[in-house]
Amino acid sequence: MVSRLILVLGDQVTDTLSALDAADKTSDIVVMAEVAEEATYVQHHPKKIAFIFAAMRKFAARLREDGWDVRYTQLDDTENAGSIPGELIRRAEETGASEVIGTQPGEWRLIQALEDMPLKLSLKPDTRFVSTQDEFDTWAEGRKALRMEYFYRDMRRKTGLLMDGDQPEGGKWNYDSENRKPAPDDIAFSGPMQFTPDDTVQEVLDLVDSRFGNSFGQLRPFWFATDQTQARRALTHFITYALPRFGDFQDAMMNDNRFLYHALISPYLNVGLLDPMEICRAAEEAYKEGHAPLNAVEGFIRQIIGWREYVRGIYFREGPDYPRRNALNHQRKLPEFYWTGETEMNCLSKAITQTAEEAYAHHIQRLMVTGNFALLAGINPHEVHEWYLRVYIDAFEWVEAPNTVGMSQFADGGVIASKPYVSSGAYINRMSDYCKSCRYKVADKTGPDACPFNTLYWHFLDRHADRFAKNQRMNQIYANWRRMDEGKKATILTEANAFLDAL
Ligand SMILES: Cc1cc2nc3c(=O)[nH]c(=O)nc-3n(C[C@H](O)[C@H](O)[C@H](O)COP(=O)(O)OP(=O)(O)OC[C@H]3O[C@@H](n4cnc5c(N)ncnc54)[C@H](O)[C@@H]3O)c2cc1C
Ligand code: SF4
């Protein structure tokens, strides 16, 4: 029988992968490869590269134990062809195979590269999601606006999660209004479960250190889970100790606590060490047992079967040009401090320093600190997109681009967000303790000590008034701007311009 090559990518380390399901263990050959092209097409955070390589090596070992013939190429193997198509062609020559079976990659770039290969290719749908692309497209068809909330309700109905017959548990679909509590004085959770690197992880860390040690971000300490058993332990730890308060402080930010009650499961979920329904069922169970309240569990489940599925649907529906969109024509370069954390703006300095050290920041830090600043300052959204893709351990284009280009930078012109996510310093002050230890004064609207978010906020609204002033959800804000004294307006705009010129 002629062998076929079964491609397993770094974010496809899942037993039930559709490509493996379609394969014949007795004759087909699994191909896995650590290649320079994937590790360097943007300069990823070293923790991200180490996480993926370690998870791949452990998964390959597991497949071998399970009886698969796995051809695994390590990054420093001399015959490494350097790219996924190159490796497949090399393995095809080595084995006589002429056909490749894969699971659809989560990035247009790689789909294109595979389709351009001179080998017969069959890409199976990625079934590790709650919704199929067809389902999403059918939902989206003919709608004026693609609002996540309505898609989410369909996913609740489809999965039966938190449903009471055909009605939502507790009578409401969404308990977000209860999930906006400001940062408490202290957090009764010691953070995500951390794992001591085993021999495989140590070996990978040494490799990554020698090859990518100069990229942005710190490789060590490295404590992420790198196999399914560890990832499941991390999930149980979160459900037991953090989920009950996840909702309350979901949007809070603190100087001295990087993780608050967040799950830190996105890396595991995105490479396939955890399954979305497994996670959601565990959270639902915690609610049914009275261990976690409805606002926490609903909020958590919404992120996974709502936001996560929705952004994936948008990415594949909108097409390969999506990451290049720039609806607001923002052209400024990304400020240097995004790479150093060296800025007097404490919120940005904290979020960026944490990102360098952990390869992680939680949603509100990404959206309302680094993202908000980039949008207010008019940074080119493609540069912002590349930054997010590089610096976070959970960043894969299908999920990163809609969040950055769409939700955060409004560069898709409103496909995802019905209005731009912008705020002055007041929001950051309400949700964090950052402002207390900042050189700027959040209460000052103008003057040498004024929080830069305060002047930039009005500068953004003023320069985009043509687009947003008629947006119903922004009426009130524009009414405030119009009512403002002309002299004060002029001072705000002059100071904002001076700040931007100095960036
Ligand atoms: C500008 C920007 C860029 C982002 N880039 C990424 C990215 O590259 N990869 C990524 O997985 N998430 C991204 N997100 C979404 C979100 O910030 C992360 O999923 C979350 O911070 C991961 O940490 P956690 O596991 O502790 O999440 P929790 O707050 O504990 O939430 C639980 C889970 O819900 C899912 N989730 C929550 N919000 C979203 C969302 N908006 N989109 C998709 N899934 C969501 C994640 O899988 C997450 O693990 C981005 C958000 C913004 C604003
Ligand atoms: S005062 Fe402004 S710049 Fe400083 S931490 Fe607060 S929001 Fe950030």
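The values are calculated or read from the model by the stated rules, or taken from the named source; none is laboratory data. The structure presented is a predicted model; accordingly, all values stated were derived computationally and were not measured. Methodologically, a virtual Cβ is constructed for each residue, glycine included, from the backbone with ideal geometry; neighbour enumeration extends over all protein chains shown. Heads up: the accessible areas ignore ligands, DNA and RNA and are worked out on the full protein's heavy atoms, side chains in. Shrake-Rupley method; radii C 1.70, N 1.55, O 1.52, S 1.80 Å.
Things worth noting here:
- Crossing angle, helix 309-318 versus the chain [Cα axis fit, 0-90 degrees, rounded to tens]: 90 degrees
- Computed E for L503/N255 - FRET, C-beta separation, R0 25 angstrom, nearest 0.05: 0.55
- What a 1.4 Å probe finds exposed on the range 1-127 is 48% carbon and sulfur by accessible area, rounded to a whole percent.
- With R₀ fixed at 41 Å, the C-beta to C-beta distance from K120 to D66 puts the FRET efficiency at about 0.95.
- Given their separation in residues at 0.36 nm each and the Cα-Cα distance between them, M163 and E149 gain 3.5 nm when the chain is fully extended.
- Cα shape, the range 392-487, gyration tensor, a/c 1.5 rule: oblate
- By average C-beta atoms within 10 angstrom, highest first, the peptides 419-429, 483-493, 461-471: 419-429, 461-471, 483-493
- Reducing the range 9-49 and the range 210-234 to their Cα centroids gives an inter-centroid distance of 17 Å.
- Probe 1.4 Å, accessible area per residue of the chain, Å²: 41 Å²
- The simple spin-label model puts a point 7 Å past each Cα toward its Cβ; for T340 and Q202 those points are separated by 3.7 nm.
- 17 Å Cα-Cα reach of K350 towards lysines, excluding residues that sit fewer than 8 places from it in its own chain: K436, K441
- P(r) weight above 21 Å for the range 1-128, C-alpha pairs, percent: 34 percent
- Three-way shape call for the chain based on the alpha-carbon gyration tensor, with the a/c threshold at 1.5: prolate
- Here's the list of lysines a cross-link from K470 could span, going by alpha-carbon distance under 27 Å and ignoring same-chain residues fewer than 8 apart: K144, K419, K445, K488, K489.
- Extension reserve of the D21-D137 stretch, reckoned as 0.36 nm per residue once the Cα distance is removed: 39.2 nm
- Gain on full stretching of the segment that runs from L493 to E99 - 0.36 nm per residue minus C-alpha separation: 135.7 nm
- Separation of the range 169-198 from the range 94-163 is 30 Å, based on Cα centroids.
- Anisotropy class of the range 255-414 from Cα gyration tensor, a/c 1.5 cut: oblate
- Measuring r between the beta carbons of D209 and M1 and using R0 = 60 Å, the FRET efficiency lands at 0.90.
- Packing-based ranking of 35-46, 331-342 yields 35-46, 331-342, ordered from highest to lowest mean Cβ neighbour count within 10 Å.
- Value of [θ]222 nm, deg cm²/dmol, for the chain, DSSP H segments ≥ 4, -39500 (n - 2.57) each, nearest 500: -13000 deg cm²/dmol
- Normalised convex hull volume, the range 175-279, alpha-carbon set, Å³ per residue: 128 Å³
- Kirkwood-based Rg to Rh ratio, the range 336-448, C-alpha trace: 0.96
- Under the simplified labelling scheme, the D462-A113 pair shows an inter-label distance of 4.6 nm, with each label point 7 Å from Cα along Cα→Cβ.
- Among residues other than F129 with Cβ under 9 Å from its Cβ, the summed charge is +1 (Lys and Arg +1, Asp and Glu -1).
- Label point distance in nm, R332-E383, each placed 7 Å from Cα along Cα→Cβ: 1.0 nm
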